Amino acid sequence: MDGDTAVIICNLDLVVPFTNAPSLKVMDPPPDFKQKHFDTSTVKLRTFLESADATLENLLLTMYSACNDKRLVGRISALHENTAYKHGLDHESAVLQAHM
């Protein structure tokens, strides 16, 4: 559990007439967002298995590398929360962190 709390509203007077807000442009990341902020390189499993590093341990380390360091899990969420608090949700940094 990551501490999130779910709220379920069962009152039909509230649920039936509800509609989502219109989509906002700020919700869409810029076209080059992934290229600028993420390593999107891939290695085919067959290529990895044919390499000198082809051990089960190395395969698992590669697959789960983002989760290995517990200090990193939730870091962007915390940064986003702090940035939004200090500068507002429409601040450039808050929007960037929201897309992360």
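How many residues does region 73-97 contain that are touching a helix residue (DSSP H, G or I) at 6+ places or on another chain (Cβ under 7 Å), hydrophobic (A, V, I, L, M, F, W, C) and in a loop (DSSP other than H, G, I, E, B)?
1
So E81 fits all but one of (1) loosely packed, with under 12 Cβ neighbours inside 10 Å; (2) under 24 Å from D4 (Cα atoms); (3) within 19 Å of the chain's Cα centre (by Cα); what number is the exception?
Going through the list (1) loosely packed, with under 12 Cβ neighbours inside 10 Å; (2) under 24 Å from D4 (Cα atoms); (3) within 19 Å of the chain's Cα centre (by Cα), E81 breaks only (1).
Just to be sure before I move on: is A21 among the small types (G, A, S) and assigned to a helix (DSSP H, G or I) in the structure I sent?
Values: among the small types (G, A, S): yes; assigned to a helix (DSSP H, G or I): no.
No; evaluated as a whole, the condition is false for this residue.
Does H87 satisfy the condition of being more than 22 Å from D4 (Cβ to Cβ) and either loosely packed, with under 12 Cβ neighbours inside 10 Å or touching a residue at least 12 places away in the same chain (Cβ under 8 Å) (or both)?
no
State all residues of region 24-42 that are surrounded by 10 or more Cβ atoms within 10 Å (Cβ to Cβ), at pLDDT below 85 and part of a loop (DSSP other than H, G, I, E, B); if no residue qualifies, say none.
Result: D28, P30.
I'd like the full set of residues that are of a type in the set (A, V, I, L, M) and either under 27 Å from Q97 (Cα atoms) or at pLDDT below 85 (or both), limited to region 3-23. Talk me through it step by step, then tell me what you get.
First pass over region 3-23, keeping only residues of a type in the set (A, V, I, L, M): 6-9, 12, 14-16, 21.
A6, V7, I8, I9, L14, V15, A21, listed by residue number.
Any idea which of (1) under 30 Å from D4 (Cα atoms); (2) part of a helix (DSSP H, G or I) is the one T47 doesn't satisfy?
(1)
Would you point out which residue out of V73, V95 is among the aliphatic types (A, V, I, L, M) and under 20 Å from D4 (Cβ atoms)? Please lay out each step first, then the result.
Details: V95 fails: under 20 Å from D4 (Cβ atoms).
That would be V73, the only listed residue that is among the aliphatic types (A, V, I, L, M) and under 20 Å from D4 (Cβ atoms).
For region 28-44, name all the residues that are acidic (D, E) and within 26 Å of L59 (Cα to Cα).
Residues of region 28-44 acidic (D, E): 28, 32, 39.
Across region 28-44, the qualifying residue is only D39.
The values are calculated or read from the model by the stated rules, or taken from the named source; none is laboratory data. All of these numbers come straight from a predicted model, not from anything done at the bench. Neighbour counts run over all protein chains shown; Cβ positions are idealised from the backbone, glycine included.
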